[in-house]
1. Being assigned to a loop (DSSP other than H, G, I, E, B) and farther than 17 Å from T211 by Cβ is the filter here; which residues of the range 1-20 pass it?
2. So E215 ticks every box in (1) part of a helix (DSSP H, G or I); (2) within 30 Å of D251 (Cβ to Cβ) but one. Which box is left unticked?
3. How about the range 100-125: which of its residues are modelled with pLDDT under 95 and within 30 Å of the chain's Cα centre (by Cα)?
4. How do the pairs read when you match residues in the range 236-256 that are surrounded by fewer than 16 Cβ atoms within 10 Å (Cβ to Cβ) with residues anywhere that are assigned to a helix (DSSP H, G or I), using Cβ under 6 Å and keeping only pairs 6 or more apart or on different chains?
5. Tell me whether the range 158-171 contains one or more residues that are under 13 Å from F195 (Cβ atoms) and touching a residue at least 60 places away in the same chain (Cβ under 8 Å).
6. Do you know which residues across the range 44-56 are hydroxyl-bearing (S, T, Y) and either part of a strand (DSSP E or B) or surrounded by fewer than 20 Cβ atoms within 10 Å (Cβ to Cβ) (or both)?
7. Just the residues that are assigned to a strand (DSSP E or B) and within 21 Å of the chain's Cα centre (by Cα), please, taken from the range 21-43.
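The values are calculated or read from the model by the stated rules, or taken from the named source; none is laboratory data. What you see is a predicted model; the values in this text were computed from it and never measured. When we count neighbours, we look across all protein chains shown, and the Cβ atoms used for this are built from the backbone with ideal geometry, even at glycine.
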Amino acid sequence: MTSINVQDLTKEYGTRRAVDHLTFQVEPGRVTGFLGPNGAGKSTTMRLVLGLDRPTSGTATIGGHAYATLPEPLRRVGALLDPQAAHGSRTGRDHLRVLAASNRIPAHRVETVLEETGLASVGRRRVKTYSLGMRQRLGIAAALLGDPEVVILDEPSNGLDPEGIIWIRQLLRRLAGEGRTVLVSSHLMNETASFADHLVVLGRGRLLADTPMREFIHARVQPRVRIRTTDDSALVAALARHGHDAVPHEDGHWTVCHAHVHDIGRLAAEAGVPLLELAAEEATLEQAYLDLTAAETEFAAQPQEA
């Protein structure tokens with residue numbers, strides 16, 4: 001299968017450097033989440049990979065070749081960057097037929113991807129009558145039309161309803177399971193955590209992380225334990241004797257940071273502290289992402305007062 005290779009890639013617009021000496025590789029057989037704050041350079045990088053813009057320096061290749069040199073590129077690479085790209089006066093089916101004909105893709109693939117994306121019943125409707133979610137599905141259908149080895153999607157969940165979000169998760173996992181190379185840009189951390197195996201994170205055009213998702217989370221978010229008891233003073237005293245600080249919460253539970261659930265459970269049992277609740281608080285991708293990118297956000301709102 002085919003990988004995406006970005007090597008020392010730089011793109012400048014006048015005096016602004018949108019992509020800054022970027023190097024990473026997207027491997028087949030896994031879903032790579034492409035993350036970063038607004039203005040981080042994600043969309044620019046995708047455009048460079050797809051030959052829609054020229055780099056100032058460096059290279060972006062697919063299977064060792066520039067996208068612009070690929071014959072019948074939809075057979076090799078499927079991409080969704082802009083769900084509004086389809087001509088509004090065409091039907092969804094005709095939009096896909098034009099793409100198929102221009103890339104010598106068998107006509108039966110049009111019906112296959114309409115079925116796969118849930119658009120078979122509206123294929124004869126004009127695109128201008130489609131909702132945002134339907135246009136998003138049409139863009140994904142176009143990306144899948146050539147049965148490509150490489151799939152690149154920018155914010156594929158945008159505009160989808162809950163059923164559609166579950167569907168896109170399953171689709172991404174299936175594509176990766178078939179050995180394809182899948183790169184997905186998203187601002188939705190919880191959603192990315194549900195499908196990504198690997199992460200590439202940008203900040204101000206630079207590479208901040210290129211790592212498996214679980215390693216990314218555990219390297220940046222310390223373990224915490226949630227605990228609740230009928231004897232708060234005994235709990236606090238027992239934790240303090242072992243060097244742990246407990247943070248109280250309004251609903252009555254305590255949080256112990258930099259701790260593992262089995263250690264806290266053991267010391268509570270040794271001290272005879274009655275427990276009503278003892279659980280590990282799972283580290284999240286959102287926590288790890290915000291920890292890494294806090295200083296890299298170009299556009300940020302002021303924190304709200306309580």
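1. M1, T2, G14, T15
2. (2)
3. N103
4. These pairs meet every condition: H242/L267.
5. Looking through the range 158-171, none of the residues is under 13 Å from F195 (Cβ atoms) and touching a residue at least 60 places away in the same chain (Cβ under 8 Å).
6. Start the filter on the range 44-56 by keeping residues that are hydroxyl-bearing (S, T, Y), which leaves 44-45, 56.
Answer for the range 44-56, where residues must be hydroxyl-bearing (S, T, Y) and either part of a strand (DSSP E or B) or surrounded by fewer than 20 Cβ atoms within 10 Å (Cβ to Cβ) (or both): just T56.
7. Filtering the range 21-43 down to residues assigned to a strand (DSSP E or B) leaves 21-26, 30-35.
The answer is L22, T23, F24, Q25, V26, R30, V31, T32, G33, F34, L35.
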